[in-house]
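Notes follow once the structure below has been shown.
The values are calculated or read from the model by the stated rules, or taken from the named source; none is laboratory data. What you are looking at is a predicted structure, and each value in this text was computed from that prediction instead of being measured. Neighbour counts are summed over all protein chains in view; Cβ atoms, including those assigned to glycine, are modelled from backbone coordinates with ideal geometry.
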Amino acid sequence: MSNPLIIEAVPGTSYADITREFDAPVEALFRAHADPRLFQQWIGPGEERTEITHWDFRTGGGYRFVQRDASGEYAFRGVFHTVRENELIIQTFEFEGWPDEVSIDCIRFEALEGGRSRIVDHSVFSTVEVLANMQSEGMERGMREGYDKLDGLLAAEG
């Protein structure tokens, strides 16, 4: 059984707080976010294949990736505003299918006892409606399935 994904989004607000624990050290968890070879293996729902088209993982850098499944392809891009190794990533996130709607994520990496770790993500959207739309389009499923794949990757890399 995987660790539960907790998404707390207070109705009427434009932000969500996302928490997920992992059975791996914080260094491995952070590396899986920093290394494009690892990142593309776990990001997104289970059936989607991911291709990194741009990756500059540093403060002031950026990224773009494309996910493909039987229904088509979906591209995402953003800017890494702040990167502190094993501690923090502040980044924007934009689905190219919804131009002009950008969220900002403050992702904290926490070391836990027993070689475990936790992600705590505060994700802010431009409006209440944009967050509601993300939720209705499968945000929870995509995150849950992606983090479940990340569990498997961390166990294999361990």
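Overview of results
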{"item": "Elements of type strands (runs of 3 or more DSSP E) in the range 1-101, at least 3 residues being at pLDDT 95 or above, over 12 Å from the mean Cα position of the chain (by Cα) and within 17 Å of L154 (Cβ to Cβ)", "result": "none"}
{"item": "Residues of the range 24-38 classified as surrounded by 16 or more Cβ atoms within 10 Å (Cβ to Cβ) and touching a Ser or Thr at 6+ places or on another chain (Cβ under 9 Å), total", "result": "6"}
{"item": "The range 75-86 residues that are touching a residue at least 24 places away in the same chain (Cβ under 8 Å), paired with ones that are part of a strand (DSSP E or B) and among the aliphatic types (A, V, I, L, M) (beta carbon under 7 Å, 6 or more apart)", "result": "F80/I89; V83/I89"}
{"item": "In the range 140-158, the residues that are modelled with pLDDT of 90 or more and touching a helix residue (DSSP H, G or I) at 6+ places or on another chain (Cβ under 9 Å)", "result": "G146, Y147, D148, K149, L150, D151, G152, L153, L154"}
{"item": "Residues (part of a helix (DSSP H, G or I) and either among the polar types (S, T, N, Q) or in contact with a Phe, Trp or Tyr (Cβ under 6 Å, 6 or more places away or on another chain) (or both)) located in the range 124-153", "result": "L131, N133, Q135, S136, G146, K149, L150, L153"}
{"item": "Residues that are in contact (Cβ under 8 Å) with a residue 24 or more places away in the chain, closer than 20 Å to L29 by Cβ and of a type outside the set (A, V, I, L, M, F, W, C), drawn from the range 46-62", "result": "G46, R58, T59"}
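Matching residues to (1) out of contact with any Leu (no Cβ under 6 Å at 6 or more places or on another chain); (2) of a type in the set (D, E, K, R); (3) surrounded by 17 or more Cβ atoms within 10 Å (Cβ to Cβ); (4) under 22 Å from V130 (Cβ atoms):
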{"position": "V10", "(1), (2), (3), (4)": "yes, no, no, yes"}
{"position": "I18", "(1), (2), (3), (4)": "yes, no, yes, yes"}
{"position": "Q40", "(1), (2), (3), (4)": "yes, no, yes, no"}
{"position": "E48", "(1), (2), (3), (4)": "yes, yes, yes, yes"}
